[in-house]
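Please read the structure below before turning to the comments.
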Amino acid sequence: MKSCIRDVRHAKGMTLQDVAERCVPPTTAQTIGRLETGTRTVSIGWLNRIAAALGAEAAELVRVPEQATLDILALLGPDGATAPRHPQMAALPRPSHSGLTMFVEASVGEYRAGDMIWLERLELRSFVQALNRDVLAPRAGGRFAFGRLIDHNGNRLQILPPGQGSRQQIVDAPWIAVAVQLLRPLH
């Protein structure tokens, strides 16, 4: 993450001294300058202090790195691998702000040991979007249920775990996370 404190400060028409004096507790213009230029690491505490001094949200003071892309070299289809007719780019997968991750330790169902499953968290009102998709649901005691969401009534879920012969589980859950991306190493 990269700081954009200077950009926000300039947009607000404030000097380093203005920001330093408005920080609680006050600090020096030199410290604010070091935090802006990256010669001093910006902690969450400093980010919140500076944001308050600028009258901004802390999220406005940081930039998330651009999503990395790669050139697509070939397309695989029924006739084999061919070069694309036009230049194409692939965005590397990147979880969203509500993303969760589950690691597959041992093969089960269609999932293989070493797979990484990215999930998006859904609140109760959005559970219908996950019907017939694989979901992760919290259970009591720090445990989880994972499998195909086959039905729900409010927060009462019917989940069919992966794997042949698995029995349906009934779970009461305040939220679920739906599987959206599978990352599989090729060995």
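The values are calculated or read from the model by the stated rules, or taken from the named source; none is laboratory data. A quick note: this is a predicted structure, and the numbers were derived from the prediction, not measured. Cβ coordinates were reconstructed from backbone atoms using ideal geometry, including for glycine residues, and neighbour counts include every protein chain displayed.
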Qualifying residue in segment 2-19 (condition: assigned to a strand (DSSP E or B) and either modelled with pLDDT of 90 or more or loosely packed, with under 12 Cβ neighbours inside 10 Å (or both)): yes
Given (1) crowded, with 18+ Cβ neighbours inside 10 Å; (2) touching a Gly at 6+ places or on another chain (Cβ under 6 Å); (3) closer than 30 Å to Leu70 by Cα, index of the condition Ile159 fails: (3)
Check on Gly147, part of a loop (DSSP other than H, G, I, E, B), in contact with a strand residue (DSSP E or B) (Cβ under 7 Å, 6 or more places away or on another chain) and in contact (Cβ under 8 Å) with a residue 12 or more places away in the chain: no
Selection within segment 97-144 - in a strand (DSSP E or B) and either among the charged types (D, E, K, R) or on the phi > 0 side of the Ramachandran plot (or both): Glu120, Arg121, Glu123, Asp134
Some residue of segment 94-104 being farther than 30 Å from Ala59 by Cβ and outside the structural domain of Ala59 (by TED's automatic domain parsing): yes
Any chance His86 is at pLDDT 85 or above, within 30 Å of Leu70 (Cβ to Cβ), surrounded by fewer than 15 Cβ atoms within 10 Å (Cβ to Cβ) and more than 21 Å from the chain's Cα centre (by Cα): yes
